[in-house]
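Comments concern the structure below.
The values are calculated or read from the model by the stated rules, or taken from the named source; none is laboratory data. This structure is a prediction, so every number in the text was calculated from the model and none was measured. Positions of Cβ are backbone-derived with ideal geometry, glycine not excepted, and every protein chain shown enters the neighbour counts. Heads up: the accessible areas ignore ligands, DNA and RNA and are worked out on the full protein's heavy atoms, side chains in. Shrake-Rupley method; radii C 1.70, N 1.55, O 1.52, S 1.80 Å.
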Amino acid sequence: YLLDKSDKYDSRDVERLQQDDKWVENYLLWRHDVVDDALKMIDVSFQWRKEYTVNDLTESVLPKWLFESGSIFLHGYDKEGYKLFWFRVKHHIKDAKQQLDKKKLVAFWLEHYAKRDHGKPLTVVFDMSETGISHIDLDFVRFIVNCFTDYYPNFLTKIVIFEMPWIMNAAFKIVKGWLGPDAISMLKFTNKSDVQEYIGGEYLPPHMGGTDSFKYSYPPLVDDDFQTPLCENGPITSEDEHESKEEIDTDTKDAGELNEEQNLNQKKMNSIEQISKSEETDKTEIKPKNAKKALTTFKGPLLHISPAEELYFGSKETGEKKCLIVLTNVTKNIVAFKVRTTAPEKYRVKPSNSSCEPGTSLDIIVSLHGGFAASLQDRFLIMAAEMEQSSGAGVPELTQFWKEVPRTKVMEHRLRCHVVESSKPSSLTLKENTFSSPAKTNEDLHIQVIAYSFINKRLQEQIDRCLWFQQLSVVLSLLSVTVVAFCFYL
């Protein structure tokens with residue numbers, strides 16, 4: 001394909017394909033490990049990506065009115081923790097002159113999310129309330145279908161269609177013809193009475209029977225609704241405060257002392273050597289010799305963040321309420337950071353707004369309030385930016401710094417929450433002064449499934465060959481018996 005069509009591909013896509021195993025794996029998974037089919041899909045999607053200049057789609061190259069219309073946006077999560085991609089059909093009117101821009105808007109959102117959340121699949125929601133014939137646009141619908149079936153591999157979990165008018169039934173029979181059998185099985189037709197089987201009420205607007213008060217507006221781009229500022233210990237109630245003191249005394253006494261020392265040192269502007277020494281001594285006390293590190297690390301330009309994608313909390317039965325995030329400054333300057341969350345009422349983050357010296361690592365303890373349980377919909381956002389060496393690192397200096405720092409110079413990284421039923425989560429958790437041993441991640445299981453499928457395929461081929469040889473030997477035996485019998489007859 002490269003030899004024949006190299007001019008039809010964006011070189012950045014080719015380079016990414018050669019380096020990103022996860023991307024390749026998604027193509028294979030979406031095409032059921034049939035290599036030829038996966039190659040054809042890569043060819044089609046790469047040509048489309050270059051035609052639509054997907055790698056260069058930004059807010060500035062698309063008309064502002066497209067974003068302001070509110071017909072397409074990302075917001076909230078379904079009950080399985082997948083991001084919701086909303087299509088408010090009543091805001092869409094068929095217009096051939098605007099069609100290309102609207103298609104590019106869909107591509108912009110998909111690419112924006114794929115880069116931001118490392119290709120985690122989406123749940124598509126078609127809100128068809130208050131729609132009629134004037135909103136039917138089969139060409140646009142076909143483009144959306146193609147995005148998930150041909151251009152973005154393994155990127156779709158389900159399609160939730162809310163209150164489809166009966167007048168659109170005929171049109172939707174045509175749409176079903178474009179969908180493959182896999183995609184058809186993902187269709188979920190819903191109304192007010194059953195939509196909450198897939199999406200919780202907290203992310204459904206009132207007209208869909210939910211309690212979400214979210215109202216779309218632009219600018220800025222709709223994000224994960226991370227709350228800021230997040231207090232050092234969250235909105236602690238008296239009950240939580242008592243529980244927190246007990247937990248810190250029994251589980252993370254040394255970690256608490258470490259962070260308190262760091263805050264005091266920052267306020268008093270002590271030397272870097274004193275801070276690094278206290279960190280080293282306290283960290284050696286916290287971590288046992290056999291402590292295991294997280295399996296994955298996000299390597300950003302300013303900070304390395306471990307774990308890379310998910311914080312593992314235990315269920316109410318397992319009782320694991322604390323996780324550890326390790327930040328490592330890989331620059332030659334001080335890096336300021338702060339932590340936001342979509343659920344500030346649930347979590348304490350300590351420290352949540354501080355700085356990290358060049359070449360050093362810092363532990364952030366994330367703990368749940370008493371009575372709360374972690375949810376798949378909860379998210380954390382770590383923001384980081386370089387500070388000048390002459391800048392102070394106290395609370396007033398950091399507050400002023402975040403007011404003035406340009407958005408383009410801020411590194412952002414998101415972490416999801418994952419609830420495990422077993423007592424062996426795969427991220428760093430704080431419980432009984434030890435770190436639980438890592439469990440297998442979804443990526444590991446995917447790789448094993450692919451490996452087993454190839455092994456099964458080879459075994460099937462061997463069995464087929466054996467059967468063929470067996471049949472051949474039976475035929476030859478019958479021929480030889482026939483020849484011998486004929487000779488005796490003569």
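Points worth noting:
- When the range 121-158 is filtered for residues that are among the hydrophobic types (A, V, I, L, M, F, W, C) and over 27 Å from LYS50 (Cβ atoms), the ones remaining, listed by number, are VAL125, PHE126, MET128, ILE133, ILE136.
- THR123, sole failed condition from (1) assigned to a helix (DSSP H, G or I); (2) open to solvent by less than 20 Å² (accessible area, probe 1.4 Å): (1)
- Of the residues making up the range 96-103, not a single one is polar (S, T, N, Q) and either at pLDDT 90 or above or assigned to a loop (DSSP other than H, G, I, E, B) (or both).
- Among the residues listed as ILE365, ILE334, ILE305, the single one being in contact (Cβ under 8 Å) with a residue 40 or more places away in the chain and open to solvent by less than 10 Å² (accessible area, probe 1.4 Å): ILE305
- Which numbered condition VAL145 fails, given (1) touching a residue at least 60 places away in the same chain (Cβ under 8 Å); (2) aliphatic (A, V, I, L, M); (3) part of a helix (DSSP H, G or I): (1)
- PRO165 being in contact with a Ser or Thr (Cβ under 7 Å, 6 or more places away or on another chain), over 19 Å from TYR77 (Cα atoms) and open to solvent by 10 Å² or more (accessible area, probe 1.4 Å): yes
- For the range 53-82, a residue qualifies if it is open to solvent by 60 Å² or more (accessible area, probe 1.4 Å) and part of a helix (DSSP H, G or I), and the qualifying residues are ASP56, GLU59, SER60, VAL61, LYS64, TRP65, GLU68.
- Selection status of LYS50, outside the structural domain of VAL141 (by the TED database) and surrounded by fewer than 16 Cβ atoms within 10 Å (Cβ to Cβ): no
- Checking each residue in the range 411-438 for being at pLDDT 75 or above and either over 28 Å from PHE313 (Cα atoms) or of a type outside the set (Val, Ile, Thr) (or both) picks out MET411, GLU412, HIS413, ARG414, LEU415, ARG416, CYS417, HIS418.
- The numbered conditions (1) surrounded by 14 or more Cβ atoms within 10 Å (Cβ to Cβ); (2) more than 30 Å from GLU130 (Cβ to Cβ) are all true for ASP21 except (1).
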